[in-house]
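K.L.:
Would you mind keeping the following structure in view while I ask a few things?
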Ligand SMILES: Nc1ncnc2c1ncn2[C@@H]1O[C@H](COP(=O)(O)OP(=O)(O)OP(=O)(O)O)[C@@H](O)[C@H]1O
Ligand SMILES: [Mg+2]
């Protein structure tokens, strides 16, 4: 009678173990699997014969957690239970799953370990979610830091801008006040000089404000470029003509044969050439003529503007694209230190690059590239 009852109970128990929605296994004192239910087998992707008596539980724990497993095993030998311990197991496919392990030892009357029983719960989904949240948190953290940095740069820009604007404004106010003073007798020539200064400082203020607005529009991405296809040589020659009308300084050309046309904003490109040419003229004119080179590379054309002036010191070089930065070569020239940052932004908005090579005492070369194919232009 007892025999049948035990048999029925065993069958029931086995049925219950096999169909449970948690993993159940037993390990012998050598840590080999001696029993494993269907659920855990399907979780690990092994079949019964591949595990029973052939693999130890520690074999399927990821290498980083093997030491931890040893510690938990000793815990069990000391008749303590292992509760809700997170493990990552390697399945037969090589993929990993995250589980929670609950385990305890079963001992005989003499206190010797007969086997251990372990219950595992698949927490991969939860862990994957946790990892995703962690990744998102890191991304958020990076975005936050970038935002802080942008904020800091904005504040720095505003304070430098205010300083730059104040200089011509102070001159205008000073000259105007002098002109209005009753107790100062000014000759007609002085009078006209002061008015000229006011005009020139006013113009400078105007340039400064439009440069700042330009830069902020490009940075905010609200600048709309008027893309069209054109021959780069013609546009460079146009810019040089405008430059020479005021500066009467020789400019030489060296261009590759059969340069491809480019798809870009003509006026913005002219603006870049003018900025760089003016720099070459202002800061390099002790040297010799200016040379413009045009080369065709695989998917872009590269424009180089070279002078043989004093060059740029290595301490200035890393800062040339900082807003309002003016180097040692400036002497008494007037400028706001926005020409190069604006030029770089314009070129990068076109998908190109702008870079500078300079050797103190030998001269400076400013290069920029313009992609031949650009911004979704359709080729027929
Ligand atoms: N060809 C060059 N040779 C030597 N120094 C140069 C050259 N081009 C630029 N620089 C240095 O780089 C600095 C930054 O140039 P950038 O064009 O940005 O500003 P800027 O010319 O001072 O003012 P602006 O806003 O009027 O252009 C200059 O002040 C100058 O010191
Ligand atoms: Mg300049």
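K.L.:
Looking only at the stretch 266-274, decide whether some residue is modelled with pLDDT under 95, more than 25 Å from residue 164 (Cα to Cα), surrounded by fewer than 16 Cβ atoms within 10 Å (Cβ to Cβ) and touching a strand residue (DSSP E or B) at 6+ places or on another chain (Cβ under 9 Å).
P.N.:
Within the stretch 266-274, none of the residues are modelled with pLDDT under 95, more than 25 Å from residue 164 (Cα to Cα), surrounded by fewer than 16 Cβ atoms within 10 Å (Cβ to Cβ) and touching a strand residue (DSSP E or B) at 6+ places or on another chain (Cβ under 9 Å).
K.L.:
Of the residues 11, 86, 40, only one is touching a strand residue (DSSP E or B) at 6+ places or on another chain (Cβ under 9 Å), in the same structural domain as residue 102 (by TED's automatic domain parsing) and closer than 22 Å to residue 114 by Cβ; which?
P.N.:
40
K.L.:
Further question on the same structure: If you check 218, 184, 198, which single one turns out to be at pLDDT 95 or above and in contact with a helix residue (DSSP H, G or I) (Cβ under 8 Å, 6 or more places away or on another chain)? Before you say what the answer is, go through the steps one by one.
P.N.:
Details: 218 fails: at pLDDT 95 or above; 184 fails: at pLDDT 95 or above.
Exactly one residue qualifies, and that residue is 198.
K.L.:
Now for a different question. Taking the stretch 319-340 as the search range and keeping residues that are closer than 15 Å to residue 161 by Cα and more than 9 Å from ligand 2 (Cβ to nearest atom), which one is surrounded by the most Cβ atoms within 10 Å (Cβ to Cβ)?
P.N.:
323
K.L.:
Of all residues in the stretch 285-298, which are closer than 18 Å to residue 368 by Cα and either within 15 Å of ligand 2 (Cβ to nearest atom) or touching a strand residue (DSSP E or B) at 6+ places or on another chain (Cβ under 6 Å) (or both)?
P.N.:
The first filter runs over the stretch 285-298 and keeps only residues closer than 18 Å to residue 368 by Cα, leaving 290-298.
Within the stretch 285-298, 290, 291, 292, 293, 294, 295 meet the criteria.
K.L.:
Kindly provide the set of residues from the stretch 317-355 that are more than 6 Å from ligand 1 (Cβ to nearest atom), in contact with a strand residue (DSSP E or B) (Cβ under 8 Å, 6 or more places away or on another chain) and either closer than 16 Å to residue 208 by Cα or in a loop (DSSP other than H, G, I, E, B) (or both), ordered by number.
P.N.:
Of everything in the stretch 317-355, those that are more than 6 Å from ligand 1 (Cβ to nearest atom), in contact with a strand residue (DSSP E or B) (Cβ under 8 Å, 6 or more places away or on another chain) and either closer than 16 Å to residue 208 by Cα or in a loop (DSSP other than H, G, I, E, B) (or both) turn out to be 343, 350, 351, 352, 353.
K.L.:
Here is a check on your reading of the model: is residue 191 assigned to a helix (DSSP H, G or I) and loosely packed, with under 12 Cβ neighbours inside 10 Å?
P.N.:
When the stated conditions are applied, residue 191 does not pass them.
The values are calculated or read from the model by the stated rules, or taken from the named source; none is laboratory data. Note that the structure is a prediction, hence the values are computed from the model and not measured. So basically every Cβ, Gly included, is an ideal-geometry build from the backbone, and we count neighbours across all protein chains shown.
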